[in-house]
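Everything on this sheet refers to the single structure shown next.
The values are calculated or read from the model by the stated rules, or taken from the named source; none is laboratory data. Worth saying up front: this structure is predicted, and the values here are computed from it rather than measured. Here Cβ is always computed from backbone atoms with ideal geometry, including for glycine, and neighbour counts include all displayed protein chains.
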Amino acid sequence: MADDYTEQQSSGEQQDALKLSLQTTTPPAEVPGYRIERFLGAGAFGQVWVARDLNTGRPVAIKFYLHRGGVNWSLLSREVKNLVALSADSYIVQVLEVGWDSEPPYYVMELIENGSLEDLLHKRGRLPVERSVQLFREICIGMNHTHGKGILHCDLKPANVLLDEELRPRLADFGQSRLSHEQSPALGTLFYMAPEQADLDASPDVRWDVYGLGAILYRMLTGTAPHREGAVLDQIDTAGSLNKRLEKYRDVICQSGPPTGHEKVPGVDRRLGQILQRCLAPDPEHRYANVQQLVEAIDERNASKARRPLILLGLVGPLLLLTAMGLYAIRSIRETGKQFTTAMREERSKTNLSVAGEKSRALEIELRSYFDLVAHEASQPELVSTMSAALQEPRLTELRAQIAAQQDPEAAREEILDKQLGQPLEDYLSRRLQHYNKLAESQPGVPKLATIFVTDSQGTMIGFAHSGEVTRKRISRGRNYAFRTYFTGRKEDLPKETPAAEVKEIVQRTHLSTAFQSTATGVWKLAVSTPIRLPHLDASSSRDPEIDGVLVATTNFGDFEQFRVREKDEYDAIGVLVDARPGPLRGTILQHPWMQKHRAEHEGHQSERFQVSDAILDELLAGGDINYLDPIATAHGGENFKGNWIAAVQPVHLPQSEDGSGGETDWIVLVQFRLSKTIARVESLTNKLIAEGIIAALAILMVNGAMWYLVRRANSAATSDETDSESTLPVAMQETISIQD
């Protein structure tokens, strides 16, 4: 049939089939009390079969010695006797029965079906660190028991450690074992036996097994036996005779020192590395004196590692707690500082608002004095007479008309100045200006004037007095200012080019002008103006038959008493006057301490204008609490005004006039206080609390560190004492107890 074919086998399957075909199917002999079930394996001296105890049903292994001529019966006898002596030990493979007189000879031992440690390492390469330590400790306990019976194994290696059904180690193959009092040599396995053991004249020593145990641990951790390298094997193999090979082995081990391959294995701690290096020390005097010390060292290492989380908890726990408390404390301090800062800002804002209100009311009173001054001067007989005379001068009248009509106004102005037309009026105004400024110097509250002048009913200035020196070019006399608010009574100036004939308004009552920059000095000014009515004049050319001119008194914004700053004052709390009228000039700073200090630098030319932005001004007017930045800080010499400020504003009201008119002006008083000064005490307190907390934390850390240092020192001293006591034990106590045959 098409589907009837022979299945092909792989090479591995073919090898397995070959082994099965070669296996023995008939046991060499029957053993009374046991039923032989299957073949387990074969060696140089015979075969091992799996059998079952007919009485207990327990599986056992029966070892038959088929090649009697090749058996060293002394070694076999020694192994069996030693196994029998250790048959009650759970760490040793147990011998159940011996048949010396049978043909072939045999002995029955317990069945260990999980193979040897060598098989496990061959499959896995190396074992996890903690699993290796666990197996190593159990092997050490087993060896400690054998030493307690006076038996030295002398051939410890992974192949001689079997694993039971619970994967616990069981020591086997005691063919090279010696009693502790025997002097006959015993060769072990290369790279697992101590260097001094590789000598045909050497006497057995407990420390041989210590070395072998260390070699097994090294193999489990690294996957290779200590010192097992290709170059070393070549040196030993090419050495020649057995004695020379053994000598080469001794030389290689002693010259190389303890191996260090375990140091590259993750998880091998310092203490375990020390134990391993002490086991594999080439000099037997540097090894553990007996296996009991090795077990204690492992137990101490395990206990130390078990305590490590508690130690870390005891060390790191307080640090974490201290860190958490410190972070929480810092957070609490900062949050409290923020709350205090907010409260102080609110309190300072209220204070600023109150101060701004006081300055606003004081400014209103000061403005009232300007109103009274102008009204008083307008009614002075000498002013009326000198002004009447000036207005009646024929040539001056012609020139005034020419200027108002803008018919070569500069030539007309030059003629007025050259011929000193209307000079008596100007002389009178100069005397009055000097009079008031002298009073202002000696009497607080008296208005300080910058200029005082008179215009005719067309807005042409016919008399002008200035408190300082002004060049002829900048003298305002003979120029028309009908566009100014102090003449029209409007809220805003008209365009400068507006012809006087087109200006229909003239101030009807005492009026406060909007802020303007003087054409003579470039300084920001304000003007208080009032109409002048003269008797017995022909007022046919006047816009208002009852008004013949306007008297105007101006003052520099830096001359208001409420905003003056003395030289010794610090710029931490200042008052500022700001123009709030709608338009491109909104937010312009009219008076500021910087302007007072630097006024002389700007006289004679148009000074730079500094403005508060519309958004900031609107927020301040709405009562918002913001970090205010002073625009003056960008000016030359404005470094004192840099940084954040707390600001508040209040509007300025006009003085109440006799006819009941008044209301708000277009000015606001801005009071600003340096933010850093407000929160300086809070920041100082916050920093002090944080510094105190850091000092306290450092003190706690120092105490904690000192305590841990003392604890570690005490533990180290105790460990050192234990080690010294172990190393100084009498020789009789270090040797294992011998047993008799």
Q. Just one of 288, 249 is of a type in the set (Phe, Trp, Tyr), more than 13 Å from residue 210 (Cβ to Cβ) and either part of a helix (DSSP H, G or I) or touching a Lys or Arg at 6+ places or on another chain (Cβ under 8 Å) (or both); which is it?
A. 249
Q | Subset of the range 147-172 [assigned to a loop (DSSP other than H, G, I, E, B) and touching a Pro at 6+ places or on another chain (Cβ under 9 Å)] | A | 154
Q) Just wondering, is there one or more residues in the range 340-349 that are in a helix (DSSP H, G or I), surrounded by fewer than 13 Cβ atoms within 10 Å (Cβ to Cβ) and at pLDDT 90 or above? A) no
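Which count do you get for residues in the range 452-472 that are closer than 19 Å to residue 551 by Cβ and either loosely packed, with under 13 Cβ neighbours inside 10 Å or at pLDDT below 90 (or both)? So that I can check it myself, show each step before the final result.
Taking the range 452-472 first, the residues closer than 19 Å to residue 551 by Cβ are 452-467.
Those still in the list that are either loosely packed, with under 13 Cβ neighbours inside 10 Å or at pLDDT below 90 (or both) too: 466-467.
Count: 2.
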Q: Filter the range 284-307 down to residues that are touching a helix residue (DSSP H, G or I) at 6+ places or on another chain (Cβ under 8 Å) and closer than 26 Å to residue 255 by Cβ and give me whichever is surrounded by the fewest Cβ atoms within 10 Å (Cβ to Cβ).
A: 286
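Of all residues in the range 86-124, which are in contact with an Asp or Glu (Cβ under 8 Å, 6 or more places away or on another chain) and without any contact (Cβ under 8 Å) to a residue 24 or more places away in the chain? Break it down into steps so the answer makes sense when it comes.
Step one: of the range 86-124, the residues in contact with an Asp or Glu (Cβ under 8 Å, 6 or more places away or on another chain) are 91, 93-94, 96, 107-108, 112-114.
94, the sole residue that qualifies.
Kindly provide the set of residues from the range 89-110 that are small (Gly, Ala, Ser) and either at pLDDT below 60 or under 17 Å from residue 47 (Cα atoms) (or both), ordered by number.
Applying the first criterion (small (Gly, Ala, Ser)) to the range 89-110 yields 90, 99, 102.
Residues satisfying the conditions are 99, 102.
Considering only the range 378-428, how many residues are in a loop (DSSP other than H, G, I, E, B), closer than 22 Å to residue 553 by Cβ and of a type outside the set (Gly, Ala, Ser)? Let's see the steps before the verdict.
Let us first name the residues in the range 378-428 that are in a loop (DSSP other than H, G, I, E, B), namely 379-380, 392-393, 405-408, 420-422.
Filter again for closer than 22 Å to residue 553 by Cβ, leaving 379-380, 422.
Checking which are of a type outside the set (Gly, Ala, Ser) leaves us with 380.
Matching residues across the range 378-428 total 1.
Would you check if there is a residue in the range 535-548 being at pLDDT 90 or above, part of a loop (DSSP other than H, G, I, E, B) and crowded, with 21+ Cβ neighbours inside 10 Å? Break it down into steps so the answer makes sense when it comes.
Restricting attention to the range 535-548, the residues satisfying the condition of being at pLDDT 90 or above are 548.
If we keep only those that are part of a loop (DSSP other than H, G, I, E, B) too, we end up with 548.
Next cut, crowded, with 21+ Cβ neighbours inside 10 Å only: 548.
Yes - at least one qualifying residue is present in the range 535-548.
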**Q.** Unique residue being among the aromatic types (Phe, Trp, Tyr), under 24 Å from residue 533 (Cβ atoms), touching a strand residue (DSSP E or B) at 6+ places or on another chain (Cβ under 7 Å) and assigned by TED's automatic domain parsing to the domain that holds residue 403 when the list is 483, 453
**A.** 453
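Looking at the structure I just gave you, is residue 44 in a loop (DSSP other than H, G, I, E, B), modelled with pLDDT under 85, under 24 Å from residue 163 (Cα atoms) and among the aliphatic types (A, V, I, L, M)?
On the way: in a loop (DSSP other than H, G, I, E, B): yes; modelled with pLDDT under 85: yes; under 24 Å from residue 163 (Cα atoms): yes; among the aliphatic types (A, V, I, L, M): yes.
Criteria met by residue 44.
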Q. For residue 219, are the conditions met, namely being within 21 Å of residue 127 (Cβ to Cβ), out of contact with any strand residue (DSSP E or B) (no Cβ under 7 Å at 6 or more places or on another chain) and not in a loop (DSSP other than H, G, I, E, B)?
A. yes
(Q) Condition first: among the polar types (S, T, N, Q) and free of Cβ contacts under 8 Å to residues at least 60 places away in the same chain. Now tell me which residues in the range 125-141 satisfy that. (A) 134
Q: Scan the range 642-653 for residues that are surrounded by 18 or more Cβ atoms within 10 Å (Cβ to Cβ) and at pLDDT below 90 and jot them down.
A: 652
Q) residue 267 is checked against (1) assigned to a helix (DSSP H, G or I); (2) in contact (Cβ under 8 Å) with a residue 60 or more places away in the chain and fails just one. What number does that condition carry? A) (1)
Q: Given the conditions (1) over 25 Å from residue 704 (Cβ atoms); (2) free of Cβ contacts under 8 Å to residues at least 24 places away in the same chain; (3) of a type outside the set (Lys, Arg), report the number of the one that residue 299 does not fulfil.
A: (2)
Q) Are there any pairs with C-beta distances below 7 angstrom linking a residue in the range 379-398 that is in contact (Cβ under 8 Å) with a residue 60 or more places away in the chain and surrounded by 13 or more Cβ atoms within 10 Å (Cβ to Cβ) to a residue that is outside any helix (DSSP H, G or I) and of a type in the set (Val, Ile, Thr), with the two at least 6 apart or on different chains, and if so which? A) 387/454; 387/532; 390/462
